[in-house]
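Below is one structure, written out as structure tokens, with a few remarks after it.
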Amino acid sequence: MPSPAHSSALPPPVAAPVSEEMRLAYVLRHFQLAYTNVPAVSIGYHDKSLSIRVAAGSADFFQQLTPYPPAPSFREWKGQRVPFFFDSEPDAPLLELHAGQVIIGADIISAAFYLLSGWQEYFSDARDRHGRFPYAASVQHQYGFVALPVVNYYFEVLKTAVEHVSGQALKPQTWRGGAPLAAFVTHDIDNLRGGWKGSAKAALQRGRLLQFGHQLWHHLTRPDAWDNLEAVAAAVAAYGARSTFFILPEHRPGADGTPNADYSVSEALQGRLDALKRQGCEISLHGSIGTATEAPHLLAEVGRHQPGPPGLRFHYLRWEPRRTPALVDAARCFRYDSSLGFAEHFGFRNSYCHPFYPFNFATGGELGFLEIPLNVMDTTLHHPHYLQLQAADILPALRPMFAEIEKFGGVATLLWHNNHFDPANTINGPRQFAEIMRYLQQHGAVFLTGSQIVAEL
Ligand SMILES: [Zn+2]
């Protein structure tokens, strides 16, 4: 694991002591959201009369402000090798089933809390050039489980215990029409112009001046290839799905020089967005550079988005764990955020495949908006800084992750930028998007917008 690069811009952690009760409450709250009919069962650590007693394994880890716990042990659960953090007796059975009582041999409450709360990124000082917690600094990378929703596995262990003591089968949450998983198809709109530049540059590099001249003429006389919001919505609608667009209201670069939108939200564009909304698409906010760390900046962009945006995703997936969650919550208008994925790798940043309420480190409670975690972004799959998959490798690489989401009835969140619908992109372009959509459709996914996902919960 790289040693954390100290950044002077990084605010110090402001954390209330996180007690055992707080951890239990946060984890059980999400357990109850994951199943429809959880009976009242006493769950805890020390009291011998509890129906479900969990072996305490975290010692004083949560009293310290360090990002990483001891290495997990790996245990087999229904044929899957699963990492268990805070597993102080890895040779003890995972479940001891007695009459009316279950003892869980690994501290799955602490482990679920650690991963779901994002403890590692809150207490780590490691940030990349965009101020993001790097995948390379994560336990998911260190122990190789980024594509496994480990918290969902912990919940399955707990479910087995609850079913044993209650004699009642728990039903996992399902989606509209009984669908086994939901899919959230999203597009961050950074660029509406510039489509001609890529293909013109390629023509120039191939020495095809005539073609270059043609593309330049095309650019000067016709709408740009990337100015394609209606075509994107139509491509998505072909699968019975509705797009959620994240619109970037700032066209000036950020204070650090990072580009924002290459377009302005003109009256004409607003009219087009309204028309997309009438077709059932959702228009949410793509917070520009600076909005993830400065409240007035975020609020100003909310004010420019008419009417108020239902959801949010930050440009470049910027997210400062010590600032951003509280700031999104304080804006009091967002029903959801969908920024939490690793840019460098597809998978589960909080090791969970359902929406969840981010943990509030300042109070020890939860925040008031839902995080719909981001699982895969087009650029992650093929980019000089990220993965370099070839076209034919993309769906095979993602299939196991989608299978995990289906196993647990979660949400598959997909980010495909509008400029990746350009037919000139043959690696992570429209064809690969179509393959993914066909896969999700064949597996019975119900396609929902962000607001519909929130409403279903
Ligand atoms: Zn963006």
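Values quoted throughout were computed directly from the atomic coordinates according to the rules given, and no laboratory measurement underlies them. This structure is a prediction, so every number in the text was calculated from the model and none was measured. As a convention, Cβ positions derive from the backbone with ideal geometry for all residues, glycine included, and neighbour counts pool all protein chains shown.
Give me the angle, in degrees from 0 to 90, between the Cα long axis of helix 195-205 and the longest principal axis of the Cα atoms of the chain, rounded to the nearest 10.
70 degrees
Grab every C-alpha pair in the range 20-166, bin the distances at 10 angstrom width from 0 up to the longest one, and report whole percents.
Cα pair-distance distribution for the range 20-166, in percent: 11, 41, 35, 11, 2, 0.
Counting pairs on different chains as well as pairs 8 or more places apart, how many Lys pairs in the chain have Cα atoms under 21 Å apart?
7
Based on the Cα atoms of the range 292-356, what semi-axes does the equivalent ellipsoid have, where each is the square root of 5 times one gyration tensor eigenvalue, given in whole Å with the largest first?
For the range 292-356, the semi-axes come out at 22, 13, 11 Å.
What distance in nm lies between label points placed 7 Å from Cα along the C-beta direction at L28 and E76?
Between L28 and E76, the simple spin-label model gives 3.3 nm.
Taking the simple approach of a point 7 Å from Cα along Cα-to-Cβ for both K171 and E294, what is their distance in nm?
Taking the two extended label points, one gets 5.0 nm.
Please give the contour-minus-distance gain from A275 to A9: 0.36 nm per residue of separation, less the Cα-Cα distance, rounded to one decimal in nm.
Length gained, A275 through A9: 91.6 nm.
In deg cm²/dmol, rounded to 500, what helix-only [θ] at 222 nm does the chain give when every DSSP H run of at least 4 residues adds -39500 (n - 2.57) and the total is split over its residues?
The helix-only estimate for the chain comes to -10000 deg cm²/dmol at 222 nm.
Which three lengths, in whole Å and largest first, does the chain cover when its Cα atoms are put on their principal axes?
80, 49, 42
Report the extension gain between L395 and R129 in nm, rounded to one decimal, defined as 0.36 nm multiplied by the number of residues separating them, less their alpha carbon distance.
Working it through step by step, the gained length comes to 92.8 nm.
Of the options H30, A40, P69, report the single residue whose Cα projects farthest towards the positive end of the charge dipole of the range 20-166 (beta-carbon charges: Lys, Arg +1; Asp, Glu -1).
Looking along the dipole axis, the top candidate is H30.
Got a sec? Which residues in the range 25-61 would a label at E89 touch, if it sits 7 Å along Cα→Cβ and we count backbone N under 19 Å?
The answer is 43-60, whose backbone nitrogens lie closer than 19 Å to the label point.
Sorted from fewest to most neighbouring beta carbons within 10 Å, what does the list K171, K407 look like?
Fewest-to-most ranking of K171, K407: K171, K407.
Applying the Karplus parametrisation 6.51 cos²θ - 1.76 cosθ + 1.60 with θ = phi - 60° to the phi angles of the range 40-50, what ³J(HN,Hα) value in whole Hz is obtained for each residue in order, glycine and proline being reported as x?
The phi angles translate into 6, 9, 7, 10, x, 10, 9, 5, 5, 8, 5 Hz.
To make sure I understand, if each residue's beta carbon is the centre and we count other beta carbons within 10 Å, what order do E366, E301 fall in, fewest to most?
By the 10 Å Cβ count, ascending: E366, E301.
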